[in-house]
Amino acid sequence: MRTPLIAANWKMNKTGSEAEDFINSFSPMVKDCAGVDVLIAPPFTALSSLSALLGSDSNIKLAAQNVFYEEKGAYTGEISVQMLMSAGCSYVILGHSERRQFFFDTDESVNKKIKISLKNGLKAVLCIGESLKERDGNKTFHVLEKQLAGSLKGIGLDEITIAYEPIWAIGTGKTATPEQANEVHVFIRKWLKDYGEGSDNVRILYGGSVTPENIGTLIAKPEIDGALVGGASLKPDSFAKIVTGAIK
Ligand code: PGA
C-alpha cells in the first residue's frame, strides 16, 4: 500500500521568520502522525532555516518549488539541485501550472529538470493538469497524456510523484469532485503502468482547493494517494487538519 503524502505548496508566501513561526506551531500538531508523509515547499529563502529548525529526524520533509536544469554556472537568478539539497530539500515540485503559465516551463524543460534532480538524489513531484477550456472540450486525457509523455521521457518511475492539478480548481475554491479526480487518477495510473516498471509505487496526489473539509472524501478514493495544498497550507491548524484527515 502507498503511504499518503500531503504536500504544502506555499508559493510566494512567508518570510523566513513567518515560516519558522508556522513550523513552531505546526510540528507539535503532527508529531505523532503515523501513516502519512508530510512535505512542505516554502520559498527558497526559508529552506535552510526550516531545515535547521526541523532537524534530520523530523517527519516533515522539505521541497523546493522549482530548480534549474544545469548543474551550475552563468544563469542569473536560477538555483541548482546541489544548492537545494545542501539547504535541506529532499523533493522538488516541478511543472506547476503557475510555472508553466508565468515562467514558460514546458514539458521539455520540466523533463530536463526532473532528469537533473533524480540524477543527484532529489525526488520529483511532477504537476500536470488541464485548463477549463480543455476539460470542456473533452481534451483532458489527451492533455494529460501529452504532459506525462513529454515530462517523463527517458525517466524511470522510482522517486517520482505525480500531482494532478486541474488548473480550473487551483485557488478558485472549485474542487474537482472525488469522482472526477479519481477518474483522472485511474487514467494516470494506467498510463504509468503501460509506461514502465514501478508504477504501483508512484503516488498520485490531487491538488486544487483542497481543504480540511474535503480531504476526507478525496482520500477515501482508492487512487488518490494524497494532496498538494496551496491556500489551505498557509495556516498551521488548517494544514494539520488536512494531514490528520489524510490517514487512510
Ligand atoms: P490551492 O493550490 O490549494 O490554493 O488551490 C494548489 C496548488 O496550486 O498546488
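Things worth noting here:
- Close pairs (6 angstrom Cβ cut-off, 6 or more residues apart or separate chains): closer than 15 Å to L50 by Cβ and surrounded by 19 or more Cβ atoms within 10 Å (Cβ to Cβ) in region 3-26, of a type in the set (V, I, T) and modelled with pLDDT of 95 or more anywhere: A8/I40; A8/V229
- S49 being surrounded by 12 or more Cβ atoms within 10 Å (Cβ to Cβ) and in contact (Cβ under 8 Å) with a residue 24 or more places away in the chain: yes
- Restricting attention to region 70-82, the residues that are open to solvent by 100 Å² or more (accessible area, probe 1.4 Å) and under 20 Å from the mean Cα position of the chain (by Cα) total 1.
- Qualifying positions in region 186-231 - within 10 Å of the ligand (Cβ to nearest atom) and more than 14 Å from the chain's Cα centre (by Cα): T211
- Boolean, I93 is aliphatic (A, V, I, L, M), within 16 Å of the ligand (Cβ to nearest atom) and out of contact with any Leu (no Cβ under 7 Å at 6 or more places or on another chain): yes
- Residues that are in contact with a Phe, Trp or Tyr (Cβ under 7 Å, 6 or more places away or on another chain) and either open to solvent by 30 Å² or more (accessible area, probe 1.4 Å) or without any contact (Cβ under 8 Å) to a residue 24 or more places away in the chain (or both), drawn from region 137-177: F141, E145, K174
- Once region 111-131 is narrowed to residues that are open to solvent by 20 Å² or more (accessible area, probe 1.4 Å) and among the small types (G, A, S), the residue that is farthest from the ligand (Cβ to nearest atom) is G121.
- Scanning region 196-229 for residues that are part of a loop (DSSP other than H, G, I, E, B), open to solvent by less than 10 Å² (accessible area, probe 1.4 Å) and farther than 20 Å from L126 by Cβ returns no hits.
- Only one entry of E98, E134, E108 meets the criterion of being surrounded by fewer than 15 Cβ atoms within 10 Å (Cβ to Cβ), of a type in the set (D, E, K, R) and either within 16 Å of the ligand (Cβ to nearest atom) or within 30 Å of A181 (Cβ to Cβ) (or both), and that entry is E108.
One line per residue, one yes/no per condition, for (1) out of contact with any strand residue (DSSP E or B) (no Cβ under 7 Å at 6 or more places or on another chain); (2) assigned to a loop (DSSP other than H, G, I, E, B):
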{"residue": "F22", "(1), (2)": "yes, no"}
{"residue": "L50", "(1), (2)": "no, no"}
{"residue": "L53", "(1), (2)": "yes, no"}
{"residue": "A63", "(1), (2)": "no, no"}
{"residue": "K72", "(1), (2)": "yes, yes"}
{"residue": "G77", "(1), (2)": "yes, yes"}
{"residue": "M85", "(1), (2)": "yes, no"}
{"residue": "E98", "(1), (2)": "yes, no"}
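- Region 233-248, subset among the hydrophobic types (A, V, I, L, M, F, W, C) and open to solvent by 20 Å² or more (accessible area, probe 1.4 Å), residue modelled with the lowest pLDDT: I247
- Output for region 73-96, where each listed residue is in contact (Cβ under 8 Å) with a residue 24 or more places away in the chain and aliphatic (A, V, I, L, M): I79, V81, L84, M85, A87, V92, I93, L94
The values are calculated or read from the model by the stated rules, or taken from the named source; none is laboratory data. Nothing here was measured: the structure is a model prediction, and the numbers come from that model. Neighbour counts run over all protein chains shown; Cβ positions are idealised from the backbone, glycine included. Ligands, DNA and RNA are stripped out before the accessible areas are found, and what is left, the full protein with its side chains, is counted by its heavy atoms. Shrake-Rupley method; radii C 1.70, N 1.55, O 1.52, S 1.80 Å.
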